[in-house]
Amino acid sequence: MLRITDTITLADWELTESFSRSSGPGGQNVNKVETAVELRFEAERSPHLGPAVKARLKRLAGRRWTSEGAIVIRAEETRSQTRNRALAEARLVELILQALIAPKRRVATKPTLGSQRRRLAAKTARGEVKALRGKVEED
């Protein structure tokens, strides 16, 4: 079980972990210990997330979203399997928390009368500057 918020907890069947050999530093150990963690979350089938949250999660996940509707997170930064596992879970929790935040709806507003007048005054001044750039006529 993975706890996201007080109300959302992911069940064990939604999460799958697989381990593989990690690239990068590790000395002789790197060739024999499987420290890289690949965490798979069945997001599309999850009953704990609403359709709007799933849509935002799909957009946030990007390439990590598979065609089956799962999110795959890979962690191989450290030389410890338990730390990599914790990193992968933390990334998943962070991703879901971001998807839970509904974007604020934009309220259309009209420009104020003062701002309209300032804009037109600036345009007029700029036009006058450009008009003075012409050829100088001799008397």
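No value in this document is a laboratory result; all are computed from the given coordinates. As the structure is a prediction and not an experimental result, all values here were calculated from the model. All Cβ positions, even for glycine, are placed from backbone atoms using ideal geometry, and neighbour counts span all protein chains on display.
Highest-first packing order for the peptide set 112-124, 63-75 is 63-75, 112-124, based on the mean count of other beta carbon atoms within 10 Å. In order along the range 110-124, the phi-based Karplus estimate (6.51 cos²θ - 1.76 cosθ + 1.60, θ = phi - 60°) of 3J(HN,Hα) comes to 8, x, 6, 4, x, 5, 5, 5, 5, 5, 5, 5, 5, 5, 5 Hz; Gly and Pro are listed as x.
Note on the range 28-61 and the range 68-139: Cα centroid distance 27 Å, given to the nearest whole angstrom. Under 26 Å of direct C-alpha separation, and excluding same-chain neighbours fewer than eight residues apart, Lys58 reaches these lysines: Lys104.
For Lys130, the lysines whose Cα falls under 30 Å of its own Cα, not counting residues fewer than eight places away in the same chain, are Lys110. Phi angles of the range 86-95 translate, via the Karplus equation with coefficients 6.51, -1.76, 1.60 and θ = phi - 60°, into HN-Hα couplings of 5, 5, 5, 5, 5, 5, 5, 4, 4, 5 Hz per residue; Gly and Pro are given as x. Between the entries [x] 10, 26, 21, 21, 14, 5, 3, 0; [y] 13, 47, 34, 6, 0; [z] 10, 27, 18, 10, 8, 10, 10, 4, 2, 0, the label attached to P(r) over Cα pairs in 10 Å bins from 0, in percent calculated for this structure is [z]. Take every pair of alpha-carbon atoms less than 8 Å apart whose residues are at least six positions apart; their mean separation over the length of the range 2-100 yields a relative contact order of 28 percent. A simple charge model with +1 on the Cβ of Lys and Arg, -1 on the Cβ of Asp and Glu and nothing else charged puts the dipole of the range 2-100 at about 300 debye relative to its Cα centre. In order along the range 43-55, phi translates into HN-Hα couplings of 5, 5, 8, 5, x, 7, 10, x, x, 5, 5, 5, 5 Hz, rounded to whole numbers, per the Karplus curve 6.51 cos²θ - 1.76 cosθ + 1.60 with θ = phi - 60° and x for Gly and Pro. With the charge dipole of the chain set up from +1 on Lys and Arg Cβ and -1 on Asp and Glu Cβ about the Cα centre, the Cα lying farthest toward the positive end among the listed residues Gln98, Val53, Gly114 is that of Gly114.
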